[in-house]
Each structure stands twice: as C-alpha cells, then as structure tokens.
1. If you scan region B:31-81, which residues turn out to be more than 14 Å from chain A (Cβ to nearest Cβ) and among the small types (G, A, S)?
2. Residue by residue through region B:90-112, note down the ones that are part of a strand (DSSP E or B) and more than 7 Å from every other protein chain (Cβ to nearest Cβ).
3. Kindly state which strands (runs of 3 or more DSSP E) lie completely within region A:4-46 and contain at least 1 residues that are modelled with pLDDT of 95 or more and closer than 26 Å to B:W35 by Cβ.
4. Inspect region A:57-64 for any residue being within 13 Å of chain B (Cβ to nearest Cβ), over 21 Å from B:F89 (Cβ atoms) and either part of a loop (DSSP other than H, G, I, E, B) or among the aromatic types (F, W, Y) (or both) and give the result as yes or no.
5. Take the conditions part of a strand (DSSP E or B) and either loosely packed, with under 14 Cβ neighbours inside 10 Å or at pLDDT 95 or above (or both) and apply them to B:A24. Does it pass?
6. Quick test for you: out of A:T38, A:T111, A:T103, pick the one residue that is under 24 Å from B:G41 (Cα atoms) and more than 14 Å from chain B (Cβ to nearest Cβ).
Amino acid sequence: DAGVIQSPRHEVTEMGQEVTLRCKPISGHDYLFWYRQTMMRGLELLIYFNNNVPIDDSGMPEDRFSAKMPNASFSTLKIQPSEPRDSAVYFCASSLNDGTGYTFGSGTRLTVV
Amino acid sequence: QQQVKQSPQSLIVQKGGISIINCAYENTAFDYFPWYQQFPGKGPALLIAIRPDVSEKKEGRFTISFNKSAKQFSLHIMDSQPGDSATYFCAASKGGRRALTFGSGTRLQVQP
C-alpha cells in the first residue's frame, strides 16, 4: 500500500490567495483526519471525517478554512484567503473504523508570504 | 488549554543509554495513549500505545509506563541507538482512537 498520499509536498503562495491541499487516504480506511503542525502550537487536529461525513470541525481556526471529502478516496483542505500565520505543515491521516492502522501522510509544507 | 503536557523539550542520550520522556494529562475521559515518532520531513508514525487498564506495555526496546491515579505516562527507550534520534510525541484520545490530542514533542538525540 502506498500509504496516505498528500499533495503538494510544498506550497508557497502570496497572502490573499486561495490554497488547496489534497489527500488520498489508505484504501478501506473509514476515518480521515486533517492536522496542522507549527512550532508554536505543535500538532493540532483541525477536522475529521467518518465515511466522508465531517464529524468534528471544532479545530478549524477560522471560516477561511474549509474541508471536503467528496468520496472515500479524496479530501481537500482549502484556505481562502490565505494569511502568513497559516504557514505550517498540514498533515492528513486515515484509520480503519476501529482506530487501527492510524497512518499519517508526509505532509504539505505551506508558506504564505 | 494544553490537555497533554510533555517533558523534556529536548533530550541528549549516549548510545546504549535509556531515554525517558514523560507526559501528563488532565482529561480523565482519555482512554487511549499512543506514542508517535517523527523524523524530519515525515509524518508522525505510531510507535506504541496503551490503554488505562494496564500499567505497562513493552514492545522490543520501547516501554510505556502508565500511572492512572497520577494521570501520567512515560516512554522508555532501552539501549538507545543513533537511529532513534527523532522527535517523539505523546498523545491521548477519548472514545476510541479518533481525534488525537498531542503533547508538544521531545527532540531526542542519541550520540554515538
């Protein structure tokens, strides 16, 4: 299995632009999670889905952030408009229904200038 | 509110020594306590995990010790190797292995 696949690996964008991060979970996994990692705040859960349905989005920092999961094999995290303080590494993770196989992707490093 | 506090922030250990990282939690509803290992440029990877009904779990050189009354748990790495040099995160979740609350991380350096 190729694991959780995230794209792009690196993204540099100007403040005010829209940014879309992509994630392909492991096939057969029922849960998908989006995390953000920064030096100041560490690893934070932003939102997670179960069977493509958002379960808890209380970690989404602002209305500028939105996430979708149109099908079992694809999810996006969108930031519009982006701001310099959004610069971070964004991780996607997926797991089986019982929580086993919890696997992180390699992350997308976002830099907003 | 930091629900999982981790220490130390960084740790230097000689090859063959024991590395010890500690975590404390506040929420008594937490029922799953994993440790993750992260190398630069990679996502966190599950190392070992424990549930509060046991006080210790060992997998190879890695051991979790759990103290429910003190709301603390720790990771012990025996016979530490240079390849163990990484950042280690403790985490906790409630109601199963869903949303993880992470500690702030410990950067471990094992010197040859």
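1. Residues satisfying the conditions are B:S55, B:G60, B:S65, B:S69, B:A70, B:S74, B:S80.
2. Filtering region B:90-112 down to residues part of a strand (DSSP E or B) leaves B:90-93, B:101-102, B:106-111.
Those that are part of a strand (DSSP E or B) and more than 7 Å from every other protein chain (Cβ to nearest Cβ): B:C90, B:A91, B:A92, B:S93, B:T101, B:T106, B:R107, B:L108, B:Q109, B:V110, B:Q111.
3. Correct list: A:5-7, A:19-24, A:31-38.
4. First, pick out the residues of region A:57-64 that are within 13 Å of chain B (Cβ to nearest Cβ): A:57-60.
Add one more test, that the residue is over 21 Å from B:F89 (Cβ atoms), and what stays is A:57, A:60.
From what is left, the residues that are either part of a loop (DSSP other than H, G, I, E, B) or among the aromatic types (F, W, Y) (or both) are A:57, A:60.
Yes: one or more hits.
5. Details: part of a strand (DSSP E or B): yes; either loosely packed, with under 14 Cβ neighbours inside 10 Å or at pLDDT 95 or above (or both): yes.
For B:A24, the condition - part of a strand (DSSP E or B) and either loosely packed, with under 14 Cβ neighbours inside 10 Å or at pLDDT 95 or above (or both) - is met.
6. A:T111
The values are calculated or read from the model by the stated rules, or taken from the named source; none is laboratory data. Note that the coordinates shown come from a computational prediction; the quantities given were computed from them, not determined experimentally. Glycine gets a Cβ as well: all are built from the backbone with ideal geometry, and neighbour counts include every protein chain shown.
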